[in-house]
Amino acid sequence: MAHNKMQLVLSCLVTLAVVTVQVTQAVQYEVTNNVAGTTGGNRFDNEIGADYSKQTLESATSFIWRIFGQSSEADRKTIQSIKMFVRPIAPVAYASGNEIHVNSDYIARYSGDVKREITGVLYHEATHIWQWNGNGNANGGLIEGIADFVRLKANYAPSHWVKPGAGNKWDQGYDVTAHFLDYCNSLRSGFVAELNKKMRTGYSDNFFSELLGKTVDQLWSDYKAKYPQ
């Protein structure tokens with residue numbers, strides 16, 4: 001009987017520990033449509049919606065943690081909430097701090113499956129919230145490339161992206177750099193995760209040599225040779 005009681009106590013403690021971990025790791029998601037009643041606001045409500053956006057941000061966060069190998073809270077940024085706003089802005093979208101702003105005018109004029117497009121945009125912008133940037137010293141093209149790499153691996157790359165091998169330089173950014181990073185990741189599984197980890201405290205192009213044994217310029221040349229245009 002005493003043994004059974006001890007097992008029950010231990011089981012309760014384990015359950016409590018799991019619940020505690022889940023609570024401490026929880027991230028809250030908020031979505032605000034600042035332009036309800038406009039063309040873009042109405043299309044957001046009708047074809048995307050706040051609930052779907054919250055679910056997408058939650059799924060994106062979990063996916064990003066897996067891509068970056070951030071299995072524990074100690075590995076990642078301390079962020080309690082992510083807030084998304086739909087409103088008229090200049091770019092398609094941008095992330096600042098723990099906020100994501102999406103252009104309502106872009107939603108209004110987008111031709112095609114706008115729900116899928118904005119899903120991909122949210123994966124990209126959520127990556128900016130969670131990724132390390134070398135304390136502000138990382139190459140801007142690389143930062144954008146990593147965000148698009150995540151979008152690529154999540155299978156939300158749009159049809160207008162360039163094909164592998166395109167581009168003039170490795171840090172051109174966005175889809176060009178995303179495909180290059182995918183190539184690097186094929187040389188060493190988990191490369192992007194390790195690169196992001198190194199960028200927690202600073203940045204150097206030498207990170208490529210340290211992880212892959214070749215300079216980033218050598219890797220770019222190899223990559224271009226593999227995908228001749």
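The values are calculated or read from the model by the stated rules, or taken from the named source; none is laboratory data. These figures come from a predicted structure and were not determined experimentally. Cβ: placed from backbone, ideal geometry, glycine included. Neighbour counts: every protein chain shown. Remember, those area values only see protein heavy atoms, side chains included, never the ligands or the DNA or RNA. Shrake-Rupley method; radii C 1.70, N 1.55, O 1.52, S 1.80 Å.
A 1.4 Å probe run over the protein chains yields, for the stretch 93-229, 44 Å² of accessible area per residue, whole-number rounding. Largest first, the residues SER71, SER186, SER104 sort by 1.4 Å accessible area into SER71, SER186, SER104. For LYS83, the aspartates and glutamates whose Cα comes closer than 14 Å to its Cα, not counting residues fewer than 8 places off in the same chain, are GLU30, ASP51, GLU58, GLU99, GLU125.
Provide the FRET efficiency to the nearest 0.05 for the SER96-ASN168 pair, computing r from the beta carbons and using R0 = 25 Å. That gives a FRET efficiency of 0.30.
Both numbers refer to the Cα atoms of the chain; Rg and Dmax are 20.5, 75 Å. Inverting the pair-averaged 1/r between distinct Cα atoms of the stretch 69-126 gives 12.7 Å as its Kirkwood hydrodynamic radius. Bridgeable aspartates and glutamates around LYS214 (alpha carbons under 18 Å apart, same-chain partners fewer than 8 residues away excluded): ASP171, ASP182, GLU194, ASP205, ASP222.
Counting DSSP beta bridges in the stretch 44-152, what percent are antiparallel, to the nearest 5? So the antiparallel bridges in the stretch 44-152 amount to around 45 percent.
Computed with a 1.4 Å probe over protein heavy atoms only, the accessible area of ILE67 comes to about 40 Å². Taking K and R as +1 and D and E as -1, what net charge do the other residues with C-beta under 13 Å from the C-beta of LEU212 add up to? Charge balance near LEU212 sits at -2.
What translational D, rounded to a whole number of µm²/s, comes out for the stretch 28-94 from Stokes-Einstein when the hydrodynamic radius is the Kirkwood one over Cα pairs, at 10 °C and 1.306 mPa s?
Numbers: Rh = 13.5 Å.
This corresponds to a translational diffusion coefficient of 118 µm²/s.
Using a 1.4 angstrom probe on heavy atoms only, work out the carbon and sulfur share of the accessible area of the chain in %. Summing carbon and sulfur atoms, their accessible area is 50 percent of the total for the chain. Note on GLU58 and ASN206: with the Förster distance fixed at 45 Å, the Cβ-Cβ geometry gives a FRET efficiency of about 0.80. Remark: for residue pairs LYS115/LYS153; LYS54/LYS198; LYS163/LYS224; LYS77/LYS197; LYS197/LYS224, the C-alpha separation exceeds 22 Å in LYS54/LYS198; LYS197/LYS224.
Beta bridges per DSSP, both residues in the chain: antiparallel share near 25 percent.
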